[in-house]
Ligand SMILES: Nc1nc2c(c(=O)[nH]1)N[C@H]1C(S)=C(S)[C@@H](COP(=O)(O)O)O[C@H]1N2
Ligand SMILES: [Mo]
């Protein structure tokens, strides 16, 4: 049995659970054969792991020193420090703790920003980095081995634009399908911390495409990362890549080289990443090395097997997913403790892939009554709005805090999210447990 690639670790506990359910005859009829085969292969490999990352974060967050081989490798997939008070580790990924955002401004500091790595952060040198554009959607049809090239300095010499935007994993909130709805889904068991907002600076992808000689027949562009090839279920899926329709590519997409006024940190795509505002995080390819420009629609595992909605509510599967849903989170630890009779101010943030945030309502009694939160930021598409609401808990006991946002397009958070097998787009109101003493 070959050793388990680090990229699998985040998936294995879910995969094992699904395998047990399958063996127990509880398989969902909508699990495709292909998905099941992937699942079985990943799970078989997973069982060979030397007791991986028990209980997760505290252990994995520690740098290599004391940890065994597998755990050290998992910790090494991310370059920046991951103090356990800021991050929850999930295999090759790190989730921002919402309580760490309390008192933090509208943008997430780079040190606090979540990391989603399919494999591990590559350490690249800007001096020999090149962006290669090729394909039959460019005039002259440059081939992959004779591309149009831009160096780092070439990009930095082009007119720059800045934009505040969130990057959010499509699977953010995934664990609540299980916790709140009792449903099984595959993938990294994120809480709500697979999202961050940054001020990005770079060049417009549109400018680079035009300079490369965009043909009138171009329909799709496909950026590809320089990180290692991704192996899933024993299958090498190649480098991370996902097609983007030309309409979006020409609209507001950046080739970003700065994050919050600093060069991109290694974990977030140094030297250059794609930044696709409001869309699922997978579109924002990090460590971009080349972009295929195509006169035909393109496909990769990241817009076929992954990042579509499958399950009984979705027929043969949805189209590739694009805009993020509406979500809200309290800047508070799960299970936070409050004193009865003491005045508090609860803080949180809400965001949407379809516009700014127009209204947020909060319930402190498990959803029985609601009141409006004060919004502290002007609604802005692609970013989040901070909000607060005063609260004086009356009597001791367990309760749940709920926040429900409505965006400027009138989209609001439902009580229940529509299930899909890979657990994307958990947009339902999350019930945040707290204790009053
Ligand atoms: N090359 C590359 N790009 C990538 C990924 C990756 O693993 N490799 N992960 C994607 C996913 S799924 C998400 S959610 C975002 C996360 O960005 P961050 O790590 O900067 O927060 O990057 C995307 N871009
Ligand atoms: Mo993601």
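Rank-order 88-95, 139-146 by packing density, defined as the average count of other C-beta atoms within 10 Å over each peptide's residues, highest first.
Details: 88-95: 25.1, 139-146: 12.1.
So the peptides 88-95, 139-146, ranked by packing, come out 88-95, 139-146.
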Query raised in the report: Between the stretch 235-263 and the stretch 285-363, how many Å separate their Cα centres?
Result: 17 Å
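By how many nm would the segment from residue 368 to residue 219 grow when fully extended, if each residue of separation counts as 0.36 nm and the alpha-carbon distance is taken off? Walk me through the numbers on the way to the answer.
Working: separation 149, 0.36 × 149 = 53.64 nm, distance 4.94 nm.
In short, 48.7 nm is gained.
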Query - Cα gyration tensor shape of the stretch 327-436, rounded if a/c is under 1.5, else prolate or oblate by comparing a/b with b/c - result: oblate
Report task. May I ask you to derive the relative contact order of the stretch 280-433, considering only C-alpha pairs under 8 Å and at least 6 residues apart, and to give it as an integer percent? Result -> 25 percent
Query raised in the report: Highest mean first, what order results for 148-155, 336-343, 164-171 on Cβ atoms within 10 Å?
Result: 164-171, 148-155, 336-343
Report summary line: Two pseudo-spin positions, 7 Å from Cα along C-beta at residue 345 and at residue 123, lie apart in nanometres by 4.4 nm
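In what sequence, highest mean first, do 396-407, 98-109, 348-359 appear when ranked by Cβ atoms within 10 angstrom? Numbers along the way, then the final one.
On the way: 396-407: 19.0, 98-109: 16.8, 348-359: 23.6.
Per-residue Cβ counts within 10 Å, averaged per peptide and sorted highest first, yield 348-359, 396-407, 98-109.
Could you work out the relative contact order of the stretch 74-314, using alpha carbon pairs under 8 angstrom and six or more residues apart, expressed as a whole percent? Let's see the in-between values first.
Numbers: 513 pairs, mean separation 55.2, N = 241.
Relative contact order comes out at 23 percent.
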Query raised in the report: Which whole-number percent is the relative contact order of the stretch 366-418 (Cα, under 8 Å, 6+ apart)?
Result: 30 percent
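Every number in this text was worked out from the coordinates using simple rules, so none of it is lab data. Computed from a prediction, not measured in an experiment: that's the story for all the values here. Positions of Cβ are generated from backbone atoms using ideal geometry, with glycine treated the same way; all protein chains shown enter the neighbour counts.
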